[in-house]
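To keep things clear, I will list the structure first and then write my remarks on it.
Each reported figure results from applying straightforward, stated rules to the coordinates on display, with no laboratory input. Predicted model only: the values in this text are computed from it and were never measured. Heads up, the Cβs are rebuilt from the backbone with ideal geometry, glycines too, and the neighbour counts pull from every protein chain shown.
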Amino acid sequence: MSEPALNVVEFLLTARQYTDDEALDENDLPPRFRRVFWTDGSEEEQRDSNDEEGPAGGIKRPLVVTETVARQATGVDRPWDAVSDLIFTDREEFSGRLKLTQPDMAVSWLVDRSERERVATNPSLAHAIESLEDPPFDVTREEARDRTRPIHADRVWIDALLEEYFDGDDEDDVEMLDLVQVRAPEEIETTLNDLVVTDDQEGEINKIVTAIENREYLAEIGLREIGKLLFVGPPGTGKTTISRALAHELGLPFVEVKLSMITSQYLGETAKNVERTFEVAKRLSPCILFIDEFDSVAKTRRSDEHAALKRAVNTLLKSIDGVSLIRDEVLLIGATNHPDQLDAAAWRRFDEIVNFPKPDRTMRADILRVITRRMDIAEFDPEEVAAKTTGLTGSDLRMVLREAVLEALTDDRRTLTQADVMDAVSDFEERDNLKNMDMIDGDADTLVAGDGGHDHDHDHDHDHDHDHDHDHDHDHDHDHDHDHDHDHDD
């Protein structure tokens, strides 16, 4: 039987099981199915949920499957055609509703044609199968729920909660939403497997994952001040990208705020906005709260500092004290390109400091291999490129490869050569040199279009290529996040 038929029958069975068994909740539906049944809560009937902190919207019984809904959920263009020859399926001509006439037969049919993985990622289906007299798979509903992303991480759930928390008619709320960006894990395409990581950074990742898995035990023994990380390093070394990849890996919403926007655009409301940022994170918990450009507020305090900024610093420090991975399920990650601007009070708030140095020669070669995995390059020698790119960060290397690809495309080629890549390196170096020029031909109104945010330190005489202990940086460039944020600045 074709894969489309399996997908449609699974969807019909899941909808039927969820409708009939009120013991199942929204987390028993796979995310791909939840999204098509979500309602925004505007109707009189609200969702039946035990989560009092959640949004008013939700998933209501019965789950009605039309061809349109089935197409959206399964990706099958003609759902009815895929299952119309099965004796246990039917379609109502007037409404277009698809349904199962003999659910037990449908279960047997699906079991005979499915693999364990399909059942293990669908809690509702696993619940139906484990209730059989002789279950063909050793999959329980609990196991399937553990492997299914919870609904609080779905885009629809996040949007509904934010809509409730922020009044769209309130000007302050509109401004606040401009300052905070929230990504669902499904929107982050980069995974930790896409990145080249140092031993130190991999160790910190493993520790934080272990802490999340053992939150109850850590609370029992009184260790609650865990899960506040500070990422330190020059622009382009991947501080933002690895944070997003961690959110994807853990299946957590990613709440991102750039503090420089708060201080520069809304100085008078800085303290208030800092507080609300942490409140958003707590409402979306469990989640990752990523505070970029941390130094823009939590910098060394001076006597001539603006009073509003002083209040913001104090508010930020108090807010950090008031959030906990163990208690609130909020993992806090701060990032800074300028650690020298942080004072002792700021440093003390973080239990782990993670270094993001520029990559040495060995790591540059590894980064190049990752970036070019899906590219066709004749006789590619990443070691040669790495030797010529001293001081470049991972994001710089990605820009080099992008330039090489575009140049080849202008020549109507999709296969690159080593010469294409080396030419792109030279072009990048030339542009990088132009970045330091203020004007062109004395024209005071014409500024050089530099690639701001890349602090290239091209010290060819001091490239520590032979010091590989823990000086290996990541490639956090393989980030295909379609939101087009400033990954290269982090």
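Counted residue by residue at 0.36 nm each, then reduced by the alpha carbon distance between them, the extension gain from Asp427 to Glu225 reaches 67.9 nm. Amide H to amide H distances under 5 Å link Val354 with Leu230, Phe231, Val232, where only residues 5 or more positions off or on other chains count and H is placed in the peptide plane. Amide hydrogen proximity for Arg97: with H placed 1.01 Å from N in the peptide plane, the residues at 5 or more positions away or on another chain lying under 5 Å are Glu92.
Rounded to the nearest Hz, the phi-derived 3J(HN,Hα) couplings of segment 64-76 under the Karplus curve 6.51 cos²θ - 1.76 cosθ + 1.60 (θ = phi - 60°) are 9, 9, 9, 5, 5, 5, 5, 5, 5, 7, 9, x, 7, where x marks glycine and proline. The rule of thumb for compact globular proteins, 2.2 N^0.38 Å, goes into the C-alpha radius of gyration of segment 114-248 1.39 times. Computed from phi, the 3J(HN,Hα) profile of segment 409-417 under the Karplus parametrisation 6.51, -1.76, 1.60 (θ = phi - 60°) reads 5, 5, 8, 6, 10, 10, 9, 8, 10 Hz, with x in place of Gly and Pro. Relative contact order of segment 140-243, taken over Cα pairs closer than 8 Å and 6 or more residues apart, is 19 percent.
If the limit is 23 Å between Cα atoms, which of Lys258/Lys318; Lys228/Lys258; Lys272/Lys318; Lys207/Lys310; Lys258/Lys282 go over it? Don't skip to the end; give the middle numbers.
Details: Lys258/Lys318 18 Å; Lys228/Lys258 17 Å; Lys272/Lys318 12 Å; Lys207/Lys310 34 Å; Lys258/Lys282 18 Å.
With Cα atoms farther than 23 Å apart: Lys207/Lys310.
Determine the relative contact order of segment 290-398: mean sequence separation of Cα pairs under 8 Å and six or more apart, normalised by residue count, in whole percent. Write out the running numbers ahead of the final one.
Numbers: 87 pairs, mean separation 31.2, N = 109.
RCO, segment 290-398: 29 percent.
Projected label points at Tyr217 and Thr417, each 7 Å from Cα along the beta carbon direction, are separated by 5.8 nanometres. Structural descriptor for segment 93-183: relative contact order 17 percent, calculated from alpha carbon pairs under 8 angstrom and at least 6 residues apart. Once backbone amide H atoms are built at 1.01 Å from N, Ile377 has Leu416 as its partners under 5 Å, excluding neighbours fewer than 5 places away on the same chain. Taking 29 Å as the straight-line reach from the Cα of Lys99, the lysines in range (excluding those fewer than 8 positions away in the same chain) are Lys60. Across segment 80-97, coupling constants 3J(HN,Hα) worked out from phi with the 6.51/-1.76/1.60 Karplus curve, θ = phi - 60°, read 5, 4, 5, 10, 5, 8, 8, 6, 9, 10, 8, 9, 7, 4, 6, 8, x, 6 Hz, and Gly and Pro carry x. Inter-label distance, Asp381 to Val64: 6.7 nm, where each label sits 7 Å from its Cα along the C-beta direction.
Rounded to 0.05, the FRET efficiency of the Arg97 and Asp77 pair, given R0 = 30 Å and the Cβ-Cβ distance, is 0.95.
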